[in-house]
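Each remark here refers to the structure printed beneath this line.
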Amino acid sequence: MRAEKQFIGNEYLGRLNASPFFIIVDYRGLTVGHFTELRKRLKKAGGEIHVVKNSIFRIVAKEAGVSDLKGSLAGQLAVVTGQRDISATAKVIKTFQAEFDKPKARFGYLNNQRLETADLVALADLPSIEVLRSKLLGVLKAPAGQLVRLLNTPATQLTRVLQARVEKG
């Protein structure tokens, strides 16, 4: 590989190794303005998108331990990577695609496990990590609250009986 391609390949490899996931999207027909808007939205979700040359990306993916791309790198492709939540990133892509009918998510990888388009849509439909954490916290707190109410019930009943006795006589 030439020095320029080697430099670009090393940059891609660094991005892939730093990210727990990547999503391949077909950006064909996307205008520069739309591409810029997509970049802004992905940045808010902790992701970034980069146009890649398929032949270089195939080599880099092999170096990163993702060898079963199954010849699926064809056409105008871009790679979406991120440091945070794949669900939030997939949600941005799904929302953007619903608005502009582009880009088309092809496939992705999460911790070296291949995700097809249906899997990416399912991830996009998940609630955010903050919502899931709050639901989990609510589930964990519910038994403790119930226990407190259960322990307070006899004392409350005794208080009511004593109050009724005082009012009666």
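Every number here is computed from the coordinates shown, using simple stated rules; none is lab data. Just so it is clear, the structure is predicted and the values come from calculations on it, not from any experiment. So basically every Cβ, Gly included, is an ideal-geometry build from the backbone, and we count neighbours across all protein chains shown.
Observations on the model:
- Expressed as a whole percent, the proportion of Cα-Cα pairs in the chain lying more than 24 Å apart is 49%.
- Where only DSSP H runs of four or more residues are counted, the chain gives -20500 deg cm²/dmol as its mean residue ellipticity at 222 nm, each run worth -39500 (n - 2.57).
- Cross-link reach is defined here as a Cα-Cα straight distance under 18 Å, omitting same-chain residues fewer than 8 places apart; for Lys62 the lysines meeting it are Lys5, Lys53, Lys70.
- For the stretch 128-169, the equivalent ellipsoid derived from the Cα gyration tensor has semi-axes of 39, 9, 4 Å, listed largest first.
- Distance violations [Cα-Cα > 22 Å] among Lys94/Lys135; Lys43/Lys94; Lys102/Lys135; Lys40/Lys94; Lys94/Lys141; Lys43/Lys91: Lys94/Lys135; Lys102/Lys135; Lys94/Lys141
- Axis of helix 54-63 versus longest Cα principal axis of the chain: the two differ by about 60°, to the nearest ten degrees.
- Residue-wise HN-Hα coupling along the stretch 119-126, computed from phi with Karplus coefficients 6.51, -1.76, 1.60 (Hz; x: Gly, Pro): 5, 5, 5, 5, 5, 5, 7, 5
- Once each of the trypsin sites (Lys or Arg not before Pro) sitting in a DSSP loop with at most 12 other beta-carbon atoms within 10 Å is removed, the chain keeps 71-169 as its longest stretch.
- Cβ charges +1 (Lys, Arg) and -1 (Asp, Glu), total dipole of the stretch 128-169, debye: 80 debye
- About the Cα centre, charge dipole magnitude for the chain (Lys/Arg +1, Asp/Glu -1 at Cβ), debye: 380 debye
- Of the Cα atoms belonging to the stretch 98-169, the radius of gyration and Dmax stand at 26.4, 80 Å.
- Virtual paramagnetic centre 7 Å along Cα→Cβ of Glu11, amide N under 11 Å, in the stretch 83-123: none
- Distance from the alpha carbon centroid of the stretch 126-144 to that of the stretch 41-95 works out to 30 angstrom.
- Relative contact order (percent, whole number), the stretch 3-126, Cα cutoff 8 Å, 6+ residue spacing: 37 percent
- Within the stretch 47-131, the percentage of alpha carbon pairs spaced more than 20 angstrom apart rounds to 33%.
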